[in-house]
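Beneath this line is the structure, given in structure tokens, with notes to follow.
The values are calculated or read from the model by the stated rules, or taken from the named source; none is laboratory data. In this text, all values refer to a predicted model and were calculated from it rather than measured experimentally. Positions of Cβ are backbone-derived with ideal geometry, glycine not excepted, and every protein chain shown enters the neighbour counts.
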């Protein structure tokens, strides 16, 4: 909505040229598709000249006629989009396109080999049972306060060493789910169990000691680092809290090892966040989270603010860390294609409710819920022969307000297959024999 307002402001003077500087960065895939479809429509109907600046070749493929590739402040290749995407001349262009096409690998070709699965019958490492979260929202100075259902009756299990991806549009409850798991906000209902211990009833001191095993990587690589602290101080901060018995030598060695593990040299220890790139800052955040060797790592949109090359590097790094440690991974993203490459299972959320949960290969090859299909159809494909037609089919409309969610199935107001039963009853959370779960009245009919 806010991006549409900015576009309206830019168009109010009826310009002949519109410069769109990363207009879809950090937006979820469905909103991104809507914004790009809108720009393409304006370009076509108004004869508007458009300069589109982006780090995503898939965005270029859907809307641009010509493309210029820049590196280190210089244009290294320019030409028609079709010609550049089919036969790039420069090695750097080929690298960008190869990395952009990486997330679209077949579902049976994961990005990295996962650790060995837990033994059959082993208790889950993490269990969520009926977890619900409510926020109290003020409505003006004299308005009545309202309850917003950010998360409703989420139940799932995570095996030791397993990676679970959580996807959905902005406002669907992904970040709330992470914070609920880590006990960073109170639950309205339900419980979170970690390694057999219910976290909600633990005293503050016991929960504090458990935090060394439960770590998080935040979305903003710059905002999550204290600008007044050096890289070395930032990475060492968890040791100051949870490993006070470390000697200075052990302390320094642990920081150096953590930086090395994420591909950063020890010489960066004395630098400040503003002296680093976005990718380097995110690596520092990962080093800080990993220095205590946690058993659960929650990644809250760790790639959304990064360019394609840096996304590839961080994705590879997370895969290597998983192979080196039997930790659980809770990976939150609005980019469903990236999740496919890192996670064994994927949970789809919409307006705080579970729509679908399935092994990654099954979800991407045979999505059962109409919302999952909408998300997959909105992923930009770096192919100028395909992407323009995909944009024309982009879904319209905004999700309903979580303050007044629709009755029955919360997705029904946007679902092209909605029937009367969808208005009357909340869909049952059904389990299929192959480990697939879905909440849809009509999934059998839709095939």
Restricting attention to region 17-44, which residues are over 25 Å from residue 303 (Cβ atoms) and touching a strand residue (DSSP E or B) at 6+ places or on another chain (Cβ under 6 Å)? 17, 18, 19, 43
Looking only at residues that are surrounded by 13 or more Cβ atoms within 10 Å (Cβ to Cβ) and under 14 Å from residue 172 (Cα atoms) in region 388-405, which one is modelled with the highest pLDDT? 405
Of residues in region 261-287 being over 14 Å from residue 222 (Cβ atoms) and in contact (Cβ under 8 Å) with a residue 60 or more places away in the chain, the one surrounded by the fewest Cβ atoms within 10 Å (Cβ to Cβ): 261
When you check residue 199 against the structure, is it farther than 25 Å from residue 273 by Cβ, surrounded by 15 or more Cβ atoms within 10 Å (Cβ to Cβ) and modelled with pLDDT of 95 or more, yes or no? no
Looking only at region 234-260, count every residue that is touching a residue at least 40 places away in the same chain (Cβ under 8 Å) and within 21 Å of residue 282 (Cα to Cα) and tell me the total. 6
Residues being more than 20 Å from the chain's Cα centre (by Cα) and not in a helix (DSSP H, G or I): count how many of those fall in region 368-393. 6
Could you run through region 161-196 and say how many residues are assigned to a loop (DSSP other than H, G, I, E, B) and in contact (Cβ under 8 Å) with a residue 60 or more places away in the chain? 11
Region 122-150 residues that are assigned by TED's automatic domain parsing to the domain that holds residue 193 and under 12 Å from residue 180 (Cβ atoms), paired with ones that are at pLDDT below 90 and not in a strand (DSSP E or B) (beta carbon under 8 Å, 6 or more apart): 150/402
Could you check region 214-233 and list, in sequence order, the residues that are at pLDDT 85 or above, buried (at least 18 other Cβ atoms within 10 Å of the Cβ) and out of contact with any helix residue (DSSP H, G or I) (no Cβ under 7 Å at 6 or more places or on another chain)? 214
Output the residues belonging to region 48-93 that are more than 19 Å from residue 17 (Cβ to Cβ), in contact with a helix residue (DSSP H, G or I) (Cβ under 9 Å, 6 or more places away or on another chain), part of a strand (DSSP E or B) and modelled with pLDDT of 95 or more. 69, 76, 77
Residue 234 passes all but one of (1) more than 28 Å from the chain's Cα centre (by Cα); (2) over 22 Å from residue 183 (Cα atoms); which number fails? (1)
Just for region 412-437: of the residues that are within 25 Å of the chain's Cα centre (by Cα) and part of a loop (DSSP other than H, G, I, E, B), which one is surrounded by the most Cβ atoms within 10 Å (Cβ to Cβ)? 412
Unmet requirement for residue 343, which otherwise passes all of (1) in a loop (DSSP other than H, G, I, E, B); (2) modelled with pLDDT under 90: (2)
Selection over region 352-367 where residues are surrounded by fewer than 23 Cβ atoms within 10 Å (Cβ to Cβ) and part of a loop (DSSP other than H, G, I, E, B) yields a count of 1
Residue check, residue 293 against (1) surrounded by fewer than 19 Cβ atoms within 10 Å (Cβ to Cβ); (2) more than 14 Å from residue 215 (Cα to Cα), all met but one. Which one? (2)
Counting just the residues of region 304-333 that are under 24 Å from residue 172 (Cα atoms) and modelled with pLDDT of 80 or more, which one comes out nearest to the chain's Cα centre (by Cα)? 333
